[in-house]
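Have a look at the structure below before the remarks.
Every number in this text was worked out from the coordinates using simple rules, so none of it is lab data. Values in this document were obtained by computation on a predicted structure and should not be read as measured data. Using ideal geometry, Cβ is built from the backbone for each residue, glycine included, and neighbour counts are taken over all protein chains shown.
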Amino acid sequence: MENSLNGRKALVTGGASGIGAATVRALAARGAKVVVADVNEAAATALADEVGGSAWAVDLFDTDALQSLSLDCDILVNNAGIQRISPIEDFDPVDFRRILTLMLEAPFLLIRAALPHMYANNFGRIINLSSVHGLRASPFKSAYVSAKHGLEGLSKVTALEGGAHGVTSNCVNPGYVRTPLVESQVADQAKVHGIPESEVLAKIMLTEASVKRLVEPEEVASLVAWLSSDDAGMVTGASYTMDGGWSAR
């Protein structure tokens, strides 16, 4: 496992916190040179310094800038995401568009920018941080579920086009992960479901899973690291659930 990614360059979006930061550390620990891409420049720089990588302060909502981008990474991890919780009839269309921009259009543009380098070297690993919500729906998350379902399709098309060029593309589908994104949902979930915040974890977030705990970021990162390796060369077009049994229902 150690040094299994020696000589590889990786790019992780949303890399300064949560799943992204755990992934940066996991890839670096296996020998990859990692670019920490995040809107928070200070946090990205601090983590890049920690792992001997580099930082890229980037606003992934600026899709015009991404259209002319060229990337030289061997491993691309599309991880950046946001969340909004609201009934459809009250859902702000601006928020809906922002979520699709960040979590579907930006990954498309980054994949588009990375594939020429990957094809030229006959090697590439694209890992898209999807969700159990890429495979299942929940109420009040119309934009997030739509974006993740779209990401699943994008990942599969990338797998089909990339196979002849040594490029794999897969989704990782965790349930609720112990991250700031999930922790920030507790108040919104309590409000929309009309329950106390103290009951959200048991009554909403973990009700469908058979393993009653949050997923740890390091667990997700370990799967991303394996999918990035040579050992996963025949794994493509797949969606790897890490949801405590949620999607088994």
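At a glance:
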quantity	calculated
Label-point separation in nm, I88 to S198, each point 7 Å along Cα→Cβ	3.6
Expected-Rg normalisation [2.2 N^0.38 Å, Cα atoms] applied to the chain	0.97
Residue with peak Gaussian network fluctuation, the chain [Cα springs, cutoff 10 Å], from V35, V182, V192	V192
Percentage relative contact order, the chain, counting C-alpha pairs under 8 Å, at least six apart	20
Lys/Arg +1, Asp/Glu -1 at C-beta; the chain dipole; positive extreme among A48, L102, S198	S198
Contact order relative to length of segment 154-249, as percent, for alpha carbon pairs under 8 angstrom and 6 or more apart	45
The chain - mean residue ellipticity at 222 nm from DSSP helices (-39,500 (n - 2.57) per run, n ≥ 4, rounded to 500)	-11500 deg cm²/dmol
Mean separation of Cα contacts under 8 Å (6+ apart) over length of segment 36-171, as relative contact order %	24
Set of aspartates and glutamates with alpha-carbon distance to K9 below 15 Å, sequence-local pairs under 8 removed	D72, D74, D230
Additional length obtainable on full extension of the chain from L181 to D49, 0.36 nm per residue less Cα span	45.1 nm
For peptides 156-165, 142-151, 123-132, 213-222, sequence by mean Cβ density within 10 Å, most packed first	123-132, 142-151, 213-222, 156-165
Cα convex hull of segment 17-86, projected area averaged across orientations, nm²	5.5
Eligible lysines near K212 by straight Cα distance, threshold 17 Å, same-chain separation 8 or greater	K203
Spacing of the two label points (7 Å from each Cα toward its C-beta) at S70 and R213, in nm	4.8
